[in-house]
Amino acid sequence: MPKDTAFDFIIHCMAAKPNPATRIETLREQLRHHEHLYYVQDAPEISDAEYDRMMNELRALEAEHPELLTSDSPTQRVGGKPKEGFAKVAHSRPMLSLDNAYNEDELRAWEKRVRDLLGENETVDFVCEFKMDGLSLALQYAPDKHGTAQLIRGITRGDGSIGEDVTTNVRTVRSIPLSVPAKKLKAAKVPPTFEVRGEIILPQASFIKLNAEREAQGLPPAANPRNMAAGTIRTLEPNIVAQRRLDYYAYFLLHGEGLLAGEELLPQQSKSLDALAALGFRVNKNRSTTRTMDGILKFIAEADAVRDSLAYEIDGVVIKVDSAAQQAQLGFTGKAPRWAIAYKFPARAGVTQLEDVLFQVGRTGKVTPVAALAPVFIGGTTVSRATLHNADEIARLGPEGTALRIGDTVTVERGGDVIPKVVGVVVDKAHPRGKREIHFPKNCPECHSHLVRAEGEADWRCINATCPARLREGLLHFASRGVMNIEGLGEAVVAQLLESGKVHSIADLYKLDNDFLLTLERMGPKSVENLLAEIEKSKSAALDRVLFGLGIRFVGERTAELLAEHFGSMDDLMAADAAHLEQVQEVGPRIAQAIVEFFSEAKNRKLVESLRKAGLTFTAEKKVRTEKLAGLTFVLTGTLPNMSRDEAKEKIEAAGGRVSGSVSKKTSYVVAGEEAGSKLDKARELNVPVIDEDAFVKMLV
Ligand code: IVH
């Protein structure tokens, strides 16, 4: 099959299957199947490229036949933005919360109450589930005229009675089915009007990546995945939500009128969970049914043991009475059901004393206050340092918004891979307030130049470009894994290099020789040979690594990648002005400005020249991102009603497509406006689809 252009592919498929409606339906079914395998089962069967190809074919067919477009098509996950925030909507039934148990005694007390209320002779099955640490979200489905259940609404918990309609964002979560076919509903004994409740979460890996990006952009990191998930689901930009890879775990299936898990059709929570999985929802596989407290405790112990190795955060275990009839008998107290309880893991927090505050200068000159703590054991590690973020944080961390003091007893939290942080001060009779005030330095602790705080920013910075601390951190960053990956260039070696006076910039690393390195402490012939080999190897690291390694403010790993792909060379990037830089995906005025500033400094240009001389990689393959219009070639002709040809061109390129000046059989679409001339004739002659501005704009959304 010819694969070189989407157009050829389309023609091929259309020749084989002349009916576009059938082809569209087949593609949708295949795409849904592969999305389920990928996003729900974690077991993909086809490559991303194959998936993209099918998606592009479907997109092209739908653009050609807009009358066949449906809202549950896999192409329709990212739709229009909600314009003015999110509408408030009432929940179909209250979204309750759970009572908590913090230890075995509290759990046993709950079990006793359940058994007392149900009567001694009753057998009770308990379902144990992971308590996912995210936000609860309701999904409402209703049938269309074919009996297919369509996702009509996604609602946040809100106050439990009224939540926010976040449907546009929810639709971007790939593990949430946009529709469930009648066949599946029937097989699972679920009526086509139903509601799913579950937890929206941000996987650990996405959290770490997003936080690294935030830090590279000079933004404060989010405290935990839960906060970031909460912020994301309420973002007014569905495109951003789609990129963040939220995930959804279903734990309740509601139908009929009642509030209970299953009711008459599915009279058990365990069966409801199986039904949810059969309908295509992601249901946590870590679940188990037991009749005994020993069984419950075993499940909790196992959950605790695997907790750190999971791809997402859990903060406990939820135990539910399995039978819907028994649930009905037990009923509710105030805001929580009697038939369920949340066993909460002890928080990963510790209480210790603040012994001192140190001030560290980072590679961008930012000065971070770091708490020196009396060592405390938290969640498996000893913590003796924790971040205090910035001067503002110190000024308000004490009780009632007072300033923190040295000697205070502080609460320290540690979550996943996040740097431990001081979250508050404990004051009572046994823990009086500390005595010593904390003075944020006015001068850089390393080079003593005056610190500067830009208007509106929380951070103080050392702006001396030759500050040894900045150079040290810059070298360590450059050499680190994920950047230039120069193994053996750790803190001890870097400190000696700086002390020797031989290294004044990252470019000087490429001038190091055998004889000199042998003079360093703890460097024998073998380690010198290894280090030189590592430095040599780094010369072939890709352009985006070099860019990331330069330490330009706000240019993190991903931005560097996008820049390298867009410009294809260091020279073109250096020559770009702010307007051109802003054309790069995800580059806004702030980042563009920082890049322009960086390259306008003579010292930095000299550094780049030295790196070029040293033989580092300065070119990259220009690559079009697989996006909306990836693989498609457009020809523009005539006058479009609402945008200039240049604007249209920009839009196509921004979405990963290409624009060509002449129509050939490789052209995917001709976008024609008023007074289109010979290009239109040529398109007709070659059977190239011709679309108007309206159809074109729809392809971009
Ligand atoms: S059942 C009637 N099951 O924990 C309330 N909740 O502390 C039903 N959560 O609001 C909740 N995993 O956001 C249930 N397997 C699970 C859960 C779970 C996480 C969250 C949910 C709920 C909160 C209660």
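Are there any pairs with C-beta distances below 7 angstrom linking a residue in segment 280-302 that is within 23 Å of Pro346 (Cβ to Cβ) to a residue that is of a type outside the set (A, V, I, L, M, F, W, C) and assigned to a helix (DSSP H, G or I), with the two at least 6 apart or on different chains, and if so which?
Note: pairs meeting the criteria are Met293/Arg108; Met293/Glu111; Leu297/Glu104.
Given the options Asp304, Asp315, name the one that is acidic (Asp, Glu), in a strand (DSSP E or B), at pLDDT below 95 and within 16 Å of the ligand (Cβ to nearest atom).
Asp315
Table: residues versus (1) within 11 Å of the ligand (Cβ to nearest atom); (2) of a type outside the set (S, T, N, Q); (3) surrounded by fewer than 22 Cβ atoms within 10 Å (Cβ to Cβ).
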{"residue": "Val321", "(1), (2), (3)": "no, yes, no"}
{"residue": "Gln327", "(1), (2), (3)": "yes, no, no"}
{"residue": "Lys335", "(1), (2), (3)": "yes, yes, yes"}
{"residue": "Arg338", "(1), (2), (3)": "yes, yes, yes"}
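Pairs under 7 Å by beta carbon, first residue within 16 Å of Ile152 (Cβ to Cβ) and among the β-branched types (Val, Ile, Thr) in segment 189-203, partner more than 16 Å from the ligand (Cβ to nearest atom) and outside any loop (DSSP other than H, G, I, E, B), six or more apart or different chains?
Val190/Leu279; Thr193/Tyr141; Thr193/Ala142; Thr193/Pro143
Mind listing whichever residues of segment 452-504 are surrounded by fewer than 17 Cβ atoms within 10 Å (Cβ to Cβ), at pLDDT 90 or above and β-branched (Val, Ile, Thr)?
Val452
Between a first residue in segment 327-344 that is within 14 Å of Leu96 (Cα to Cα) and in contact (Cβ under 8 Å) with a residue 60 or more places away in the chain and a second residue that is among the basic types (Lys, Arg) and near the ligand (Cβ under 9 Å from one of its atoms), which pairs have beta carbons less than 7 Å apart while being 6 or more apart in sequence or on different chains?
Trp339/Lys320; Ala340/Lys320; Ala342/Lys131
List pairs: first in segment 238-249 and under 15 Å from Glu213 (Cβ atoms) and more than 16 Å from the ligand (Cβ to nearest atom), second small (Gly, Ala, Ser) and assigned to a helix (DSSP H, G or I), Cβ under 6 Å, 6+ apart or cross-chain?
As it stands, the answer is Arg245/Ser206, since those pairs meet every condition given.
Just wondering, is there one or more residues in segment 43-58 that are away from the ligand (no atom under 16 Å from the Cβ), within 30 Å of Pro337 (Cβ to Cβ) and exposed (fewer than 14 other Cβ atoms within 10 Å of the Cβ)?
no
Among the residues of segment 137-157 satisfying the criterion of being surrounded by fewer than 23 Cβ atoms within 10 Å (Cβ to Cβ) and within 17 Å of Glu35 (Cβ to Cβ), which is nearest to the ligand (Cβ to nearest atom)?
In this case the residue turns out to be Leu151.
Kindly evaluate Gly119 against the criterion of being surrounded by fewer than 19 Cβ atoms within 10 Å (Cβ to Cβ), closer than 22 Å to His36 by Cα and either β-branched (Val, Ile, Thr) or more than 16 Å from the ligand (Cβ to nearest atom) (or both).
Against the criterion (surrounded by fewer than 19 Cβ atoms within 10 Å (Cβ to Cβ), closer than 22 Å to His36 by Cα and either β-branched (Val, Ile, Thr) or more than 16 Å from the ligand (Cβ to nearest atom) (or both)), Gly119 does not qualify.
I'd like to verify a number: residues in segment 508-561 that are surrounded by 15 or more Cβ atoms within 10 Å (Cβ to Cβ), closer than 17 Å to Leu498 by Cα and charged (D, E, K, R), how many?
1
Checking Thr519 against (1) at positive phi; (2) more than 31 Å from the chain's Cα centre (by Cα); (3) polar (S, T, N, Q): exactly one of these is not met. Which one?
Every condition holds for Thr519 apart from (1).
Out of Ser664, Ser610, report the one residue that is assigned to a loop (DSSP other than H, G, I, E, B), hydroxyl-bearing (Ser, Thr, Tyr), out of contact with any His (no Cβ under 9 Å at 6 or more places or on another chain) and surrounded by 13 or more Cβ atoms within 10 Å (Cβ to Cβ).
Every option except Ser664 fails the conditions.
Conditions tested, residue by residue: (1) out of contact with any strand residue (DSSP E or B) (no Cβ under 7 Å at 6 or more places or on another chain); (2) surrounded by 16 or more Cβ atoms within 10 Å (Cβ to Cβ); (3) assigned to a strand (DSSP E or B); (4) among the basic types (Lys, Arg).
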{"position": "Thr172", "(1), (2), (3), (4)": "yes, yes, no, no"}
{"position": "Ser175", "(1), (2), (3), (4)": "no, yes, no, no"}
{"position": "Lys183", "(1), (2), (3), (4)": "yes, no, no, yes"}
{"position": "Glu195", "(1), (2), (3), (4)": "no, yes, yes, no"}
{"position": "Phe207", "(1), (2), (3), (4)": "yes, yes, no, no"}
{"position": "Arg214", "(1), (2), (3), (4)": "yes, no, no, yes"}
{"position": "Ala242", "(1), (2), (3), (4)": "yes, yes, no, no"}
{"position": "Tyr248", "(1), (2), (3), (4)": "no, yes, yes, no"}
{"position": "Phe252", "(1), (2), (3), (4)": "no, yes, yes, no"}
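Need pairs with beta-carbon distance below 6 Å; first residue acidic (Asp, Glu) and within segment 144-160, second surrounded by 15 or more Cβ atoms within 10 Å (Cβ to Cβ) and outside any loop (DSSP other than H, G, I, E, B); sequence gap 6+ or separate chains.
Taking only residues 6 or more apart or on different chains, the pairs are Asp144/Gln150.
Looking at Gly134, Gly160, which is the one that is within 10 Å of the ligand (Cβ to nearest atom), among the small types (Gly, Ala, Ser) and on the phi > 0 side of the Ramachandran plot?
Gly160
From the set of residues in segment 216-227 that are assigned to a helix (DSSP H, G or I) and within 16 Å of the ligand (Cβ to nearest atom), which is nearest to the chain's Cα centre (by Cα)?
The selected residue is Pro225.
With respect to Thr168, determine if the residue is buried (at least 19 other Cβ atoms within 10 Å of the Cβ), modelled with pLDDT under 95 and part of a loop (DSSP other than H, G, I, E, B).
Judged against the criteria, Thr168 is not a match.
Looking only at segment 95-105, which residues are out of contact with any helix residue (DSSP H, G or I) (no Cβ under 7 Å at 6 or more places or on another chain) and either within 14 Å of the ligand (Cβ to nearest atom) or part of a loop (DSSP other than H, G, I, E, B) (or both)?
Within segment 95-105, Met95, Leu96, Ser97, Leu98, Asp99, Asn100, Tyr102, Asn103 meet the criteria.
Within segment 299-321, track down each residue that is farther than 16 Å from Arg113 by Cα and not hydrophobic (A, V, I, L, M, F, W, C).
Across segment 299-321, the qualifying residues are Glu302, Asp304, Arg307, Asp308, Ser309, Tyr312, Glu313, Asp315, Gly316.
The values are calculated or read from the model by the stated rules, or taken from the named source; none is laboratory data. Everything numeric in this text was worked out from a predicted model, so none of it was measured. Counting neighbours? That spans all protein chains shown, and the Cβs are built from the backbone with ideal geometry, glycine included.
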